[in-house]
Structures are given as structure tokens and as C-alpha cells.
Amino acid sequence: MIPVLVKDYCIGCGHCVPFCPQEAITVLGRAEIDGETCIECGICIIYCPNEAIQEDGG
Amino acid sequence: MDIFEKLPYPGGRFTNLEYQGYQLTTGALHMIPHAENGPLGTMLKELGTGVRIIPSHPPGLFRIGGRDYEFRQLKDLFSLRDKVKVASIHAMLKLGKGGKESYRDWVKKRLNNRLALELSDSFCGWTLSIHADKLSSREFLAITSNFNRYRGPGIPEGGCGAVTRALVKVIEEGGGNIHLESKVTGIQLDGGRVTGMDCGGESHEFDVVVSNIGPKATVELCGEEAFSPDYVKSVSNIPEAAGIKISVACDRPMLGHTGALFTPQAKRIDGLNEVTNADPSLAPEGKHLLMSHQTYEPGRDIREEIELGLQDLRELFPDFDRHCRVLMVQSYHNGWPVNRTMSGKLMGPETPVRGLYNVGDAIKPRGWVETEGVAAGVKAALERIDAYGG
Ligand SMILES: Cc1cc2nc3c(=O)[nH]c(=O)nc-3n(C[C@H](O)[C@H](O)[C@H](O)COP(=O)(O)OP(=O)(O)OC[C@H]3O[C@@H](n4cnc5c(N)ncnc54)[C@H](O)[C@@H]3O)c2cc1C
Ligand code: SF4
Ligand code: SF4
């Protein structure tokens with residue numbers, strides 16, 4: 001489940017941050033996912049209230 | 001009763017978000033505007049939730065020129081001539097009705113003084129996430145009248161998540177079902193009446209549907225064709241209130257009290273609180289959680305606004321970098337705002353569809369702020385639902 005950030009949907013609310021087991025997400029106005037540490041678990045996808053993180057191709 | 005929530009947890013923007021041992025939140029600043037005395041406190045008591053709300057003491061201080069003042073001390077900051085005008089404004093805040101003009105214009109007409117306008121903006125910014133030019137004086141005076149009558153804020157023990165947990169328990173013990181990760185994809189209507197809704201590819205029959213996702217999104221779930229063009233236009237144009245919250249970990253108390261600190265002279269931050277002075281369990285032992293809030297005007301560069309907020313923190317607390325660490329900066333706008341409807345833009349719970357009601361932070365009766373408004377709107381909706389014959 002490679003997470004892809006849809007930049008226009010992300011508002012920077014930070015909900016995804018605490019749920020990422022890898023601490024791969026940082027937020028400052030908008031989320032950024034560190035591809036190096038992300039293990040593609042897909043948890044952030046379900047915790048985003050704005051559907052801003054989607055599966056690759058989703 | 002069935003509740004459908006698209007996220008994996010209940011509580012929307014009013015629950016705890018644990019991060020690095022600190023109880024941050026999905027939105028709220030962990031405060032209940034009228035503590036135990038307002039519509040939310042009353043509702044929690046009537047439901048027997050046992051939620052303890054710790055009253056803020058002092059309710060709020062104002063940082064001006066590096067010193068903190070209580071509300072009653074503010075008049076000392078004005079010249080002798082302006083003191084008379086300040087006294088008259090105070091009297092009107094207790095008794096007046098206000099009108100359509102903005103609260104900023106209302107103040108300016110009575111006292112054209114920079115500090116008076118900055119005070120108005122920081123109070124409105126912290127309490128409503130809009131500045132005084134966006135709020136009618138009628139709404140502001142209704143709000144202050146409620147603060148006079150129902151007093152100041154409080155912090156629920158355990159944070160706003162404790163309120164959500166208690167409400168979940170009430171619902172489940174009452175036989176209600178909460179379905180998580182269950183996104184509603186449509187509301188079914190027949191002959192101008194609600195008949196059910198769709199979720200997860202299945203249809204569910206209901207006589208009454210209550211929506212807290214905002215009137216615009218509710219119309220979209222029903223299909224615009226079910227409403228008059230005027231109604232669709234009216235819900236599409238509702239302005240939201242946006243904001244930015246900065247949560248900070250501190251190794252010592254930076255405010256040292258349980259109320260709000262209004263910051264009228266800061267560049268962006270309207271106010272701060274330090275909830276760990278009321279409930280130390282909201283941070284790891286010996287640490288404190290400081291939260292700032294600033295109004296965000298959509299269209300402005302969000303990164304620049306955040307940067308100005310961070311600068312404010314360092315100016316307000318010269319020893320910030322020695323004692324504090326920014327945990328998270330959260331911004332709220334564009335469909336997931338601070339308030340789905342700006343305060344003062346009133347809308348009732350009824351919709352043109354029979355059996356369909358709106359509640360939530362777009363439906364706040366006059367004078368009620370934040371979750372007090374949500375609770376007052378829910379009460380109004382329940383009265384309508386009780387009277388609904390199908
Ligand atoms: C920064 C900030 C600070 C605040 N501070 C305070 C404070 O200190 N005190 C206070 O009283 N209030 C505060 N508020 C306001 C308070 O959080 C809101 O008034 C309150 O959360 C609104 O509740 P609601 O039920 O209307 O909406 P929400 O809490 O947003 O709930 C709506 C729910 O609907 C879900 N949903 C959306 N679409 C669907 C769908 N299609 N299907 C199923 N579920 C769906 C969402 O996931 C969400 O959980 C603050 C808000 C913010 C953002
Ligand atoms: S997919 Fe998993 S590891 Fe990657 S950013 Fe999302 S939550 Fe973190
Ligand atoms: S939860 Fe979604 S909207 Fe919020 S910061 Fe993360 S990706 Fe952006």
C-alpha cells in the first residue's frame with residue numbers, strides 16, 4: 001500500500017502523524033511522507049479525515 | 001440508533017490524539033467554554049456521565065507590554081478620557097443588543113483606540129477563530145451575555161477525549177451502535193421524506209437521519225436535485241472559520257494557570273492555554289502542554305502564517321527555546337475547519353427534507369460558542385425530532 005499524498009486535499013491537520021508506526025510523517029501546513037522510513041503499512045490512509053493520503057493508483 | 005463514522009475512532013475534532021506521551025487533540029484546545037454551567041456541561045450532567053470539568057482560574061488574562069492583566073484591570077491601560085468610554089462599553093456588553101454592523105465597527109464607533117481593537121480581535125480569534133471584523137455586534141453581545149450568565153471556561157479531566165469516551169458509553173449503554181470506518185455515501189429520500197442511507201455498499205432504512213457533517217456535505221449526500229436552488233446556494237456559501245494550533249511540550253509551566261492567555265499584541269497568535277495546570281495527566285510526569293491558537297484567513301500562505309505564529313511564541317516567551325519544544329503544528333481549513341460555520345451565521349436544525357436534521361458546529365443558536373453551540377443545537381434538534389410525526 002504505497003501511500004501517496006494528494007497535496008490539494010491535505011490541510012495539515014496532523015491526524016496522520018501519531019498513527020504512523022515509523023514516524024515517517026511530518027506536518028507543517030501540509031504533510032510530508034519520508035519514503036525512506038515508510039514501510040507502506042497504509043495506516044495513515046485510514047486515519048486521514050480528508051482522504052488526502054491514498055493508495056498508489058487510488 | 002446507529003452512528004456511522006468514517007474514521008477509525010469516534011469524536012471528530014473533539015478528542016485526544018496521543019503523541020509522544022502528550023494528549024494533543026484532533027482539533028479542540030481541551031476547553032469547554034462555560035465549564036459545567038453551559039449547554040454541554042448541563043447535558044453531560046443530565047446524562048450522568050460523571051465527566052469532571054475543572055473551572056479555569058482565572059478565566060483569562062491579557063498579555064500587554066509583557067505584563068499579564070485580568071479583564072477588570074484593562075481599564076487602567078486607557079487615558080482618563082477613554083476610561084469613561086471603556087466603562088460605557090462594559091455596561092453595553094452586559095445590557096446591549098448590538099446589530100448587523102461588525103463588532104470591530106461597533107467598538108471603533110465608541111472608542112477608536114488601537115489596544116481596544118486588538119483586544120477585540122484576540123478575544124474573537126481565540127474564542128471563535130475569526131477576527132472582530134467578521135462577527136456581527138449582535139452575535140458578540142449575545143456571546144458576552146452568555147459569558148456573564150454562564151461564566152468562563154473549564155477543562156475536562158482527561159481532556160476532550162474524556163467527554164467523547166463518556167458519550168460513547170452513554171450511547172452504547174442505551175442500546176445504540178457506533179459503526180467506525182463506515183463512510184456514508186448517500187442519503188435516500190422518497191417524496192420529500194428521508195427513508196435511509198447508504199454505507200459500505202449497503203442500504204439501511206431509517207425514519208430519521210441526523211447529520212453533523214455540515215449542511216453542504218449533507219445536501220451532496222442527498223443529491224442537489226432534492227432541494228430548491230436557493231437552499232443549495234445558501235448552504236454552499238456558508239463561510240467557515242479556519243485556524244492554526246501549535247502544541248508545545250514544556251519542561252516547566254509557561255503560563256502557570258488554568259485559564260486562557262489572550263495575546264492582543266502578538267503578530268498572529270490570538271491566545272494560549274496550558275491545560276496541564278488543570279490536569280497534569282495530559283502530559284508526561286513533570287512536563288506541560290502549552291497550546292496556541294491563531295486565526296487563519298484562507299488564501300494567505302499557510303507556511304508564512306505558521307512561521308509568524310512560531311515567531312510570536314519566541315517573542316512571548318524569551319526562554320522558549322530553553323524550556324519548550326514544538327510537538328505539532330496543525331492547521332484547520334477547507335472542509336475540516338475550526339468551525340464549519342462562522343459564528344453569527346445562523347442556521348436551524350431543520351432541512352427542507354422531512355426527517356432529515358442537521359446538528360454540529362454549523363448549527364449553533366445565537367450566542368453559543370464552540371461545543372456549547374453544538375450542544376445547544378443538538379437540544380434544539382431533539383425537540384424537533386420529538387415533535388416529528390413521520
Ligand atoms: C483548532 C481547534 C480548536 C478548537 N478548540 C475548541 C475548544 O477548546 N473547545 C470547544 O468547545 N471546541 C473547540 N473546537 C471546536 C470543536 O472541535 C467542534 O465544535 C466540534 O468538534 C464539532 O463537532 P461536530 O460533531 O460538529 O463535527 P466533527 O467533530 O468534525 O464530527 C464530524 C464527524 O463526521 C465524520 N464524517 C464526515 N463525513 C462523513 C461521512 N460521509 N460518513 C461518516 N462519517 C463522516 C468525520 O470524520 C467526523 O468525525 C476547536 C476546533 C478546532 C479545529
Ligand atoms: S504507510 Fe505506514 S509507514 Fe508509511 S507513512 Fe503511512 S503510516 Fe507511516
Ligand atoms: S491527516 Fe490527511 S489532511 Fe491531515 S495532515 Fe495528514 S494527510 Fe494531511
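The values are calculated or read from the model by the stated rules, or taken from the named source; none is laboratory data. Quick caveat, the model's predicted, so the values are computed rather than measured. For neighbour counting, all protein chains shown are included, and Cβ atoms are generated from backbone atoms with ideal geometry for every residue, glycine included.
Points worth noting:
- Summed over the stretch B:315-335, residues that are modelled with pLDDT of 95 or more and under 18 Å from the mean Cα position of the chain (by Cα) total 5.
- Within the stretch A:8-41, tally of residues that are outside any loop (DSSP other than H, G, I, E, B) and of a type in the set (A, V, I, L, M, F, W, C): 7
- A:CYS48, sole failed condition from (1) more than 14 Å from chain B (Cβ to nearest Cβ); (2) touching a His at 6+ places or on another chain (Cβ under 7 Å): (1)
- Of the numbered criteria (1) out of contact with any Gly (no Cβ under 7 Å at 6 or more places or on another chain); (2) more than 9 Å from chain B (Cβ to nearest Cβ), the one A:VAL17 fails is (2).
- The one condition in (1) more than 13 Å from chain A (Cβ to nearest Cβ); (2) more than 8 Å from ligand 1 (Cβ to nearest atom) that B:ILE32 fails to fulfil: (2)
- As a summary of the residue check, A:VAL6 satisfies the conditions (1) near ligand 3 (Cβ under 9 Å from one of its atoms); (2) at pLDDT 95 or above except for the one numbered (2).
- Taking the stretch B:215-256 as the range and being of a type in the set (Val, Ile, Thr) and either part of a helix (DSSP H, G or I) or at pLDDT 95 or above (or both) as the test, the residues that pass are B:THR218, B:VAL219, B:VAL232, B:VAL235, B:ILE244, B:ILE246, B:VAL248.
- Taken over the stretch A:1-18, the criterion of being within 14 Å of ligand 1 (Cβ to nearest atom) and either at negative phi or surrounded by fewer than 20 Cβ atoms within 10 Å (Cβ to Cβ) (or both) is satisfied by A:TYR9, A:ILE11, A:CYS13, A:HIS15, A:CYS16.
- Filter pass, A:CYS44 being at pLDDT 95 or above and either outside any loop (DSSP other than H, G, I, E, B) or in contact with a Pro (Cβ under 9 Å, 6 or more places away or on another chain) (or both): yes
- Among residues of the stretch A:25-44 being within 25 Å of B:LEU180 (Cα to Cα) and more than 9 Å from ligand 3 (Cβ to nearest atom), the one that is nearest to the other protein chains (Cβ to nearest Cβ) is A:ILE43.
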